[in-house]
1. Test each condition in (1) modelled with pLDDT of 95 or more; (2) within 30 Å of PRO150 (Cβ to Cβ); (3) over 24 Å from the mean Cα position of the chain (by Cα); (4) of a type in the set (D, E, K, R) for ASP12 and report the one that comes out false.
2. With respect to LEU398, determine if the residue is aliphatic (A, V, I, L, M), farther than 25 Å from ARG124 by Cβ, in contact (Cβ under 8 Å) with a residue 24 or more places away in the chain and crowded, with 24+ Cβ neighbours inside 10 Å.
3. Within the range 100-126, track down each residue that is more than 19 Å from HIS30 (Cα to Cα), hydrophobic (A, V, I, L, M, F, W, C) and not in a loop (DSSP other than H, G, I, E, B).
4. Checking the structure you have, find out if any residue of the range 332-344 is among the charged types (D, E, K, R) and closer than 13 Å to MET373 by Cα.
5. Kindly evaluate LEU207 against the criterion of being in contact with a strand residue (DSSP E or B) (Cβ under 6 Å, 6 or more places away or on another chain) and not in a helix (DSSP H, G or I).
6. Being assigned by TED's automatic domain parsing to the domain that holds ARG268, within 20 Å of ASP339 (Cα to Cα), buried (at least 18 other Cβ atoms within 10 Å of the Cβ) and of a type in the set (Val, Ile, Thr), is that true of even one residue in the range 213-227?
7. Cβ-Cβ below 7 Å, separation at least six or inter-chain, first residue in the range 198-220 and among the acidic types (Asp, Glu), second assigned to a loop (DSSP other than H, G, I, E, B): which pairs?
8. Could you look through the range 345-392, keep only residues that are polar (S, T, N, Q) and in contact with a Ser or Thr (Cβ under 9 Å, 6 or more places away or on another chain), and pick out the one that is farthest from TRP147 (Cα to Cα)?
Amino acid sequence: MLDEVTLARYADVIVGSCLNVREDDLIAIHGEPAHRDLVVALTAAAYARGARYVDAMFVEPRLRRARVDHAPAATLDFQPPWAETRMRQVVRAHGASISINGPSAPGLMNDSDPLRAVRERSTRVPGMRTYQREVQRNALRFCVVAWPLPGWAAPVYPELGEEQALRQVAADLAAFCRVAPTDAADAWDRHVTVLVERAAWLDALALDRVVLRGAGTDLEVGMAPGGTWRAADEATVHGDRYRANLPTEEVFVSPDPRRTSGTFRCTRPLTLDGRRIDGIHGRFVGGRLAEIGADDDADYLAAYFARDRDAGRLGEVALVDAQSRIGATGRTYGITLLDENAASHIAFGAGYSSTRRPGGQPVNDSGIHVDVMIGAPEMEVTGYTAAGLAIPLIRDGLFTGPR
């Protein structure tokens, strides 16, 4: 629930600053029926910038629950080919994709059969296999955004009534994206500049490994030969500039998938395909996930990470400090887009080829990419050079470099 002026500004930042929509572009938008107001605003903003065609696809999450509960077991793995064809055509045209977060029915899948649910692969982005492959190889402009809904907002502000909670989450989202009435016209662009400077600072340190300690986590992650730290502003292999997440607070890298060791414990719950999972913890040995557990739904989690051989390796390490507007609220928002930008996190599965210089080591290849939040105010992050020099990266909750 954003007012008309803020909604128009939000949509314009997405299609303009984030996706650089231009004349004759093809745009694919993906969301739930309840996201209709944002879809319409995005469509209008894209056409105003000269887009040739905007194709919106709505995915109703209750249809997935119906399939998990009632479809013949032998059919659960099937996904129709036409969605992949559509996404391939968007990529071929150097188009852009927008994916809208904000569940209308959070926790919808929590009491479903975990073994059936993990086999059913529908997602909010039809054509996910192609989408993920093209994102991984940095061939698609994409942006992940959010839209506040009553079902999502109520658990974020349980002390408020439904209408008040919705208004507060909407106000939070506008502030996180730097499009609130109190934000300057260039607030979002200036914020991105700081993140890009922070990534450049990390790159200049030429780190061999990063160690994250605190709140149940003692994790050492090796950096990859030819790896580079990235932030919000990127360019595809075709040279098209884009900003993948709105909002964003992270600097990130895809590490050497063979060089992760130690333990981690999540400081925030994970919402994965409509299931809320609390207390995730695990241990890495030789780059592979050797143990995974959770306070609940551990069977589903283990089955999810067993989908392919390298799903249990790391595809990303992202650092976020206490300057994050999202983290400063002290709230858990229940969608990865926001919660991953509240605290430092790691991601299982696919890495991002944009974090490699030409000739660099390949990133981890997997059919999944799942972010889990391990950061906390007391977490300390230290980088080490190949010569063993220790360099504090985050202390007392703040980056020691550009702020």
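1. Against the list (1) modelled with pLDDT of 95 or more; (2) within 30 Å of PRO150 (Cβ to Cβ); (3) over 24 Å from the mean Cα position of the chain (by Cα); (4) of a type in the set (D, E, K, R), ASP12 comes up short only on (3).
2. The answer is no for LEU398.
3. LEU115, ALA117, VAL118
4. yes
5. yes
6. Scanning the range 213-227, I find at least one residue that is assigned by TED's automatic domain parsing to the domain that holds ARG268, within 20 Å of ASP339 (Cα to Cα), buried (at least 18 other Cβ atoms within 10 Å of the Cβ) and of a type in the set (Val, Ile, Thr), so the answer is yes.
7. ASP203/THR228; ASP203/TRP229; ASP208/MET223; ASP208/THR385; ASP208/ALA386
8. Within the range 345-392, the match that is farthest from TRP147 (Cα to Cα) is ASN364.
The values are calculated or read from the model by the stated rules, or taken from the named source; none is laboratory data. This structure is a prediction, so every number in the text was calculated from the model and none was measured. In this analysis, Cβ positions are derived from the backbone assuming ideal geometry, glycine residues included, and neighbour counts consider all displayed protein chains.
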